[in-house]
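For reference, the structure is listed below as structure tokens.
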């Protein structure tokens, strides 16, 4: 079964999506990621979607679900590398990405997670 790697970086998990997302892969990622957050007691998730050129409503909901699940497990989520076409699609689909923080790149995303952790944001 195809899986997306999840790397541990201190208190954070880094997920870099480098393949076309299909529904089953998205579900597997949600399961794998929530398990790793709980197991590692991670405080943040950095989700790099820079390789995604297009998203559909299912993938958009998956991003929102990952953020919600992480929050329940006391971790923040930052999505980085969003392409303009992806942002436009998410807005046009009317997907409320409540609680999903964004940053331009991995470096800025990690800085945002560190600030949130230092501020005690949960």
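Taken together, the residues in the range 83-101 that are within 15 Å of residue 71 (Cα to Cα) and surrounded by 11 or more Cβ atoms within 10 Å (Cβ to Cβ) amount to 4.
The single condition among (1) assigned to a loop (DSSP other than H, G, I, E, B); (2) under 29 Å from residue 120 (Cα atoms); (3) modelled with pLDDT under 95 that residue 69 does not satisfy is (1). Does the range 14-21 include one or more residues that are touching a residue at least 40 places away in the same chain (Cβ under 8 Å), assigned to a helix (DSSP H, G or I) and within 18 Å of residue 90 (Cβ to Cβ)? Looking for residues that are touching a residue at least 40 places away in the same chain (Cβ under 8 Å), assigned to a helix (DSSP H, G or I) and within 18 Å of residue 90 (Cβ to Cβ), one finds none in the range 14-21, hence no.
Among residues of the range 23-49 that are within 15 Å of residue 77 (Cβ to Cβ), those with a Cβ under 8 angstrom from a residue that is at pLDDT 95 or above and loosely packed, with under 14 Cβ neighbours inside 10 Å, sequence gap 6+ or separate chain, pair up as 36/8; 40/8; 42/8. Looking only at the range 97-122, residues that are under 9 Å from residue 78 (Cβ atoms) and either in contact (Cβ under 8 Å) with a residue 60 or more places away in the chain or more than 12 Å from the chain's Cα centre (by Cα) (or both) come to 6 in all. Taken together, 29, 97, 46, 52 contain a single residue that is assigned to a loop (DSSP other than H, G, I, E, B), touching a helix residue (DSSP H, G or I) at 6+ places or on another chain (Cβ under 9 Å) and within 17 Å of residue 5 (Cα to Cα), which is 52. Within the set 122, 77, the sole residue that is closer than 15 Å to residue 12 by Cβ and modelled with pLDDT under 90 turns out to be 122.
The values are calculated or read from the model by the stated rules, or taken from the named source; none is laboratory data. Values in this document were obtained by computation on a predicted structure and should not be read as measured data. So basically every Cβ, Gly included, is an ideal-geometry build from the backbone, and we count neighbours across all protein chains shown.
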